[in-house]
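Participant: I'd like to ask you about the structure that follows.
The values are calculated or read from the model by the stated rules, or taken from the named source; none is laboratory data. Everything numeric in this text was worked out from a predicted model, so none of it was measured. FYI the Cβ positions are ideal-geometry reconstructions off the backbone, even for glycines, and counts take in every protein chain you see. Calculation scope for accessible area: heavy atoms of the full protein, side chains included, ligands and nucleic acids excluded. Shrake-Rupley method; radii C 1.70, N 1.55, O 1.52, S 1.80 Å.
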Amino acid sequence: LEYLSLYDYHSRLSQAGAAASEQTAVNFDKVRAICTEITKDLSTRQKYVVLIRLFEFILSESKEVSITEKQYLEVVAEVLNITDKDYALGYSFAEKNTTEIDSRQCLLINAKESSTSSAKHIRRPGMAGEITVIRFSQPEIIFAKYTGKDTLTLNGQQIAARRIYVLA
């Protein structure tokens with residue numbers, strides 16, 4: 001994907017400290033242009049999948065997300081017409097060590113007695129880990145992520161821990 005290779009290139013530049021502020025502004029313009037081109041061919045649901053996959057990609061490394069990386073994500077979300085609320089929810093969801101997400105758009109499935117957040121909760125006694133499900137209402141799309149050591153399957157396929165799955 002062209003935008004991922006562009007992201008990798010600019011990420012390496014910013015980590016090395018080689019990117020000047022003028023160059024960064026030009027790079028943001030390139031990202032904006034690429035996203036504008038991509039947006040023409042994507043449905044709203046597909047735009048959310050692209051953003052969640054970018055979150056997953058950027059947050060997959062163990063290092064802290066840089067300011068430049070966050071700015072790239074914000075530019076992508078802006079061009080894809082993702083609301084700030086959905087952006088924040090998606091980012092929190094994609095984080096590796098997600099604590100309970102305090103949103104009515106979230107469902108937590110775990111062994112705990114109850115949830116302290118406004119998220120819906122289903123108790124599964126004996127479950128080692130947690131399934132987090134989020135629902136974006138505008139495009140009617142649902143994502144799920146499992147964190148734990150149990151072996152779970154989805155449609156006969158084993159679920160990898162900390163990987164995000166599109167459910168609907």
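Participant: At 1.4 Å probe radius, can you tell me the per residue accessible area of the range 128-168 in Å²?
Facilitator: 56
Participant: In sequence order, what are the phi-derived ³J(HN,Hα) couplings for the range 101-117 according to the Karplus relation 6.51 cos²θ - 1.76 cosθ + 1.60 with θ = phi - 60°, rounded to whole Hz, with x for glycine and proline?
Facilitator: Going residue by residue, I get 7, 8, 8, 6, 8, 10, 10, 10, 10, 7, 8, 5, 4, 7, 10, 8, 8 Hz, with x marking Gly and Pro.
Participant: Could you pull out which residues in the range 141-158 have an amide N less than 15 Å from a spot 7 Å beyond the Cα of Arg123, following the Cα-Cβ vector?
Facilitator: Label zone hits: none.
Participant: With θ set to phi - 60°, apply the Karplus curve 6.51 cos²θ - 1.76 cosθ + 1.60 along the range 133-150 and write out the HN-Hα couplings as whole Hz, x wherever there is a Gly or Pro.
Facilitator: Per-residue couplings from phi come out as 10, 10, 10, 9, 6, 4, x, 6, 10, 10, 10, 9, 9, 10, 10, x, 10, 5 Hz.
Participant: Which of the GluC sites (Glu not before Pro) found in the range 99-140 are in a DSSP loop and have at most 14 neighbouring Cβ atoms, other than their own, within 10 Å?
Facilitator: Details: sites: Glu100, Glu113, Glu130, Glu140; in loops: Glu100, Glu113, Glu140.
Of the GluC sites (Glu not before Pro), the ones in loops of the range 99-140 whose Cβ has at most 14 other Cβ atoms within 10 Å are Glu113, Glu140.
Participant: Using the Karplus curve 6.51 cos²θ - 1.76 cosθ + 1.60 with θ = phi - 60°, work out ³J(HN,Hα) for each residue of the range 76-84 in order, rounded to whole Hz, and write x for Gly and Pro.
Facilitator: My calculation for the range 76-84 gives 4, 4, 4, 5, 7, 6, 8, 5, 4 Hz in order.
Participant: Once R0 is set to 22 Å, what does the formula 1/(1 + (r/R0)^6) return for the Cβ-Cβ distance between Asp29 and Ile67, expressed as a FRET efficiency to the nearest 0.05?
Facilitator: Given R0 = 22 Å and the Cβ-Cβ separation, E is 0.80.
Participant: Taking amide hydrogens as modeled 1.01 Å from N in the peptide plane, which residues meet the under 5 Å criterion relative to Met127, leaving out close sequence neighbours?
Facilitator: Those qualifying (amide H under 5 Å, at least 5 residues apart or on another chain) are Ala111.
Participant: Per residue, what volume in Å³ does the convex hull of the Cα atoms of the range 44-109 enclose? Before the final figure, lay out the partial values.
Facilitator: Numbers: hull volume 6.4 nm³, N = 66.
Value for the range 44-109: 97 Å³ per residue.
Participant: Going by amide H atoms built from the backbone, whose H comes under 5 Å of the H on Ile159, apart from near neighbours?
Facilitator: Residues meeting the amide H criterion: Leu152, Thr153, Leu154.
Participant: May I pose another question? If you roll a 1.4 Å probe over the range 25-168 with all protein chains in place, what percent of the accessible area is carbon or sulfur?
Facilitator: 50
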